[in-house]
Amino acid sequence: MQMNTLQKYIIREIVPLFVFGNVLFVVFLLLEKLINLADLFFTKNVPALLIAETIIYYLPSFLMITIPTSALMASMVGFGRLSADSEITVMKAAGAGGRFFLKPAVIVGIGAFALSMFMSVYLMPLGSTLAINNLARIAKSISVKDMKENEMYDEIPGLLFYADKRPDDNEFGKIVVIDKNTGTIITAETGAIVPSGESALVMNFNNGRVVAETAGEQRTVVRFGEMAMNLPFELKDKFSKRDEYFMTMFELAENFDDHVNYKFEFSKRFALPVAGLLMGILGMSLGIFFHRSGRSIGIPLSLGLTLFYYMIFFTSLNLARAGVLDGFFAPWLANIFFTLVTALFAYRVLK
């Protein structure tokens, strides 16, 4: 696909915007996780290198979302700027036809498609797996030294911990532990709570009792002299793990019969990269179509269209889970709709 100087000029106008868009949108999507991880650095003394690695490992999963969005925004703003400055008009006057403008948009779209495919098929499952492994390492490094006397401590997932006294770093007096999931209450005169080497907390209690709920809303009380508990110590944040996100394409294919999620995830990893190609062409069409608005409408309109795309996308996911749509077809529903929209606007501006 040969290009002349003007087409290369158009691409040089779009590519920096595409890079800037990805950086901007990734930072926006990472903001919540950055706050959580920064809290671990400042309050839990988690090594900065470990946190930085975790952020890097999460990047592919976010780029899967930002690449199509950035392709739309960059193409729309780039062509909108050229159109608003009458450069598109000058090019048309010099004999540039519809294919002339379509070629740079397609090249940008193909670039977005190829980059997104690499992310979805290879880097996203690998990066997500490495990120979860790092979170396990972070959990091991978290200390319980920030437990204080006469304060409720809720950093242990599913548990509330309270102690009247703390003679030293690991010793506590007058302990109350509440399991939020089962309603079980443990009280003890003294105890020690120390982190183990396997992302767990070892809880040693002395002279206490366990109050547990039984059938019929009755409670059972068990007194003990000594008792030890070994509970997983998972990182208390909003990272969630869904198995299909961590699977390779081959692993997803092996689980097609288990759940529709695996079919949807497999098909999604092709549908989202194709969206990058569509968005590059749609951005060109809209940038030329809204020539009077120029740059001003590019970013808000691209964000609005992206939001609408993902509304259709997640609606199709719910329909697939409900059995209304086929798991393989569902991820393509948004692409089909946007293909029609892209064809409509491309025809209007390139005819």
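The values are calculated or read from the model by the stated rules, or taken from the named source; none is laboratory data. Quick caveat: nothing in here was measured; it's all calculated off a predicted structure. Methodologically, a virtual Cβ is constructed for each residue, glycine included, from the backbone with ideal geometry; neighbour enumeration extends over all protein chains shown. Keep in mind that these areas ignore ligands, DNA and RNA; they rest on the heavy atoms of the full protein, side chains included. Shrake-Rupley method; radii C 1.70, N 1.55, O 1.52, S 1.80 Å.
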Ranked output for segments 266-274, 221-229 by mean other Cβ atoms within 10 Å, highest leading, reads 266-274, 221-229
Whole-percent carbon and sulfur share, accessible surface of the stretch 266-351, 1.4 Å: 74
Can you list the HN-Hα couplings for the stretch 65-74, worked out from phi with the Karplus curve (6.51, -1.76, 1.60; θ = phi - 60°), rounded to whole Hz and with x for Gly and Pro? 8, 7, 4, x, 4, 5, 4, 5, 5, 5
Once amide hydrogens are built 1.01 Å from N within the peptide plane, the residues lying 5 or more places from residue 46 or on another chain with amide H under 5 Å from its amide H are 41
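Distances longer than 29 Å among the Cα atoms of the chain: what percent of all pairs is that?
Working: 34272 of 61425 pairs.
Pairs farther apart than 29 Å: 56 percent.
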Per residue, how much accessible area does the chain show when a 1.4 Å probe rolls over the protein heavy atoms, in square angstrom? 51
Placed amide H near residue 159: partners under 5 Å, 5+ positions off or other chain: 180
Using 18 Å as the cut-off for backbone N distance, which residues of the stretch 56-89 belong to the label zone defined by a point 7 Å from the Cα of residue 245 along Cα→Cβ? 56-68
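Using the per-residue mean of other Cβ atoms lying within 10 Å as a proxy for protection, in what order, highest first, do the peptides 75-83, 332-340, 178-186, 280-288 fall?
On the way: 75-83: 26.3, 332-340: 17.0, 178-186: 14.6, 280-288: 28.3.
Peptide ranking by packing, descending: 280-288, 75-83, 332-340, 178-186.
Tell me, what is a quarter of the convex hull surface for the C-alpha atoms of the stretch 1-70, in nm² with one decimal? It would help to have the intermediate numbers written out before the result.
Values: hull surface 24.2 nm².
Hull-based average projected area comes out at 6.0 nm².
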